[in-house]
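Below is one structure; the comments refer to it alone.
The values are calculated or read from the model by the stated rules, or taken from the named source; none is laboratory data. Note that the structure is a prediction, hence the values are computed from the model and not measured. Note that each Cβ is placed from the backbone with ideal geometry, even for glycine, and that neighbours are counted across all protein chains shown.
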Amino acid sequence: MIFNQVVLAPADPILGLTDAFKADPRADKVNLGVGIYKDESGQTPILKSVKLAEQKLLETETSKSYLGIDGVIAYNQAVQGLLFGTDHAVMSEKRAVTAQAPGGTGSLRMAAEFVVRNTASRTVWVSNLTWANHNNIFQSAGLTVKQYGYYDAASHDIDFDAMLTSLEQANSGDLLLLHGCCHNPTGIDLNICQWEVIAQLCVDKGLIPLFDFAYQGFGAGVEEDAQGLRLVASKVPELLVANSFSKNFGLYNERIGAVTLVAEDEETAKRAFSQIKSTIRSSYSNPPAHGALIVATILGDAELRKLWEEELTQMRERIAEMRVLFVKTLSEQGVEQDFSFISAQNGMFSFSGLNKDQVARLKEEFGVYIVGSGRISVAGMTRANMDTICRAIAQV
Ligand code: PLP
């Protein structure tokens, strides 16, 4: 027997919480753990633009034959348009190549596998704090994960000096993981001056930026949120992007994202792309079609694109409203601690500063589920559950 030697894996800190939430019989339970958008009625709806694109596909799709290793070509071009805009030098110089991949996770994994298989780079720097799965993904691909300073708990803001100090230790060829926008878990992003400094640092030290871009459109807008990426791409010769449409198209279970590589010239980009394809071929052969066809259909049709942007704006604005209401309701419930920093953060998440014991009490005594680190998914708050959440926080 060999399987009896296998030890039990620890539950995933985020998805494990969802399992516990589902098993909780309390009617007024609230899940603020996983990063899933909920509308005002607490549902995660299919976007209208997505439904319309699906109807169109149902009528026009003629085959379920395999896609190429790199997926839907029109989709990959549309991804580049969203990432860089149409007039970026990276586009006119044809220095970017894109392969469709399964979600942001699959895209990050393919980027990391590509680097390990084809370069001497073995180290990736991630922010302290970061999305919990980054460590798993990079270590599974064979990278060593190091941390750079990022979050200052006292000021609830970025500690940019600490970031720069840590990165003094980084070596040429190291990967530098950067959250394109809506930093997970803190909700605090670099400003444009800080992006400039980071771009220059990458040039000076020969670091390879790896953008994790999972929330485009959830910060300030589709174009605005790409500013950091576009600025860095205009300065550095090489970079990688792993983007996801799970959140901004609500296509969570379609597993749709992409890995994009930018090289110093078109020829190098094409050569590197052959290795990305080879990595994909030995991982899952070729991607599923449905999510990519939906995104390509929406982005390729002016009316559907407009509708999608309106729906994305609604999601973004609802979360921003919940941030303000959360801070206000906490204060009405008698919480004296200042939580006003929460309204200044971007995206789905806020880093609340609640400690492990408080998080445990919220779950056990009040059925309010948040991640052990104190990260709260603001996207799970509604006018209806706000009092329950804030009363529970006031109690702990
Ligand atoms: N990157 C970050 C920062 C995330 O928060 C997430 C999802 O929560 C992902 C990547 C993964 O996205 P996907 O579900 O598309 O794999």
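Here are a few things to note about the model shown:
- Residues of the stretch 28-85 that turn out to be touching a Lys or Arg at 6+ places or on another chain (Cβ under 9 Å) and among the aliphatic types (A, V, I, L, M), as a count: 4
- If the condition is being more than 11 Å from the ligand (Cβ to nearest atom), surrounded by fewer than 16 Cβ atoms within 10 Å (Cβ to Cβ) and in a helix (DSSP H, G or I), then the stretch 236-274 contributes 266, 267, 270, 271, 274.
- Single residue of the stretch 96-108 satisfying the filter (crowded, with 24+ Cβ neighbours inside 10 Å and not small (Gly, Ala, Ser)) that is farthest from the ligand (Cβ to nearest atom): 98
- Whichever residue in the stretch 173-231 is touching a residue at least 40 places away in the same chain (Cβ under 8 Å) and at positive phi and, among such residues, is nearest to the ligand (Cβ to nearest atom): 182
- Among the residues of the stretch 28-45, those that are away from the ligand (no atom under 16 Å from the Cβ) and in contact (Cβ under 8 Å) with a residue 60 or more places away in the chain comprise 28, 29, 30, 39, 40, 41, 42, 45.
- Only listed residue being aromatic (Phe, Trp, Tyr) and within 15 Å of the ligand (Cβ to nearest atom), chosen from 138, 114: 138
- The set of residues in the stretch 79-95 that are over 19 Å from residue 298 (Cα atoms), outside any loop (DSSP other than H, G, I, E, B) and either within 16 Å of the ligand (Cβ to nearest atom) or touching a helix residue (DSSP H, G or I) at 6+ places or on another chain (Cβ under 7 Å) (or both) comprises 89, 90, 91.
- Single residue of the stretch 336-395 satisfying the filter (touching a residue at least 40 places away in the same chain (Cβ under 8 Å), hydroxyl-bearing (Ser, Thr, Tyr) and touching a helix residue (DSSP H, G or I) at 6+ places or on another chain (Cβ under 7 Å)) that is nearest to residue 190 (Cα to Cα): 350
- All of (1) closer than 21 Å to residue 208 by Cβ; (2) touching a Phe, Trp or Tyr at 6+ places or on another chain (Cβ under 7 Å) hold for residue 100 with one exception: (1).
- Once the stretch 348-373 is narrowed to residues that are away from the ligand (no atom under 16 Å from the Cβ) and crowded, with 18+ Cβ neighbours inside 10 Å, the residue that is modelled with the lowest pLDDT is 352.
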